[in-house]
Amino acid sequence: MIRKFGAKQLKEITVGNTTTLVSYKTPVVVLVGDALFVTDAKYSKTTTRHINYYISNHLKMITDINHVDQSVIYNLAAVTGWAL
């Protein structure tokens, strides 16, 4: 399932128990079950805003946030076919 967030260049792609948040054309957050993975790469202010917006408004129950290398995000996100 693909869900867009208004006019933002932000979309959420869910396949099974894996959800990928894509800002512009880059996966930046992956939720696998209850485990949340966030890129530790530095992106624009807008992408940082997208990440913070998503976590604060959609994942209030998540308390354990794992900051990982962007390569880990790409590998985890592959399950959702995020490049769609």
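The values are calculated or read from the model by the stated rules, or taken from the named source; none is laboratory data. Note that the coordinates shown come from a computational prediction; the quantities given were computed from them, not determined experimentally. Note: ideal-geometry Cβ built from the backbone for every residue, glycine included; neighbour counts use all protein chains shown.
May I ask you to verify whether M61 is within 18 Å of W82 (Cα to Cα), more than 8 Å from the chain's Cα centre (by Cα), modelled with pLDDT under 90 and not charged (D, E, K, R)? No: the conditions fail for M61.
Checked against the criteria, T48 does not count as within 24 Å of G6 (Cβ to Cβ) and crowded, with 16+ Cβ neighbours inside 10 Å. Return yes when T14 is closer than 11 Å to I73 by Cα and of a type outside the set (D, E) and no when it is not. Considered against the rule, which asks whether it is closer than 11 Å to I73 by Cα and of a type outside the set (D, E), T14 comes out as no.
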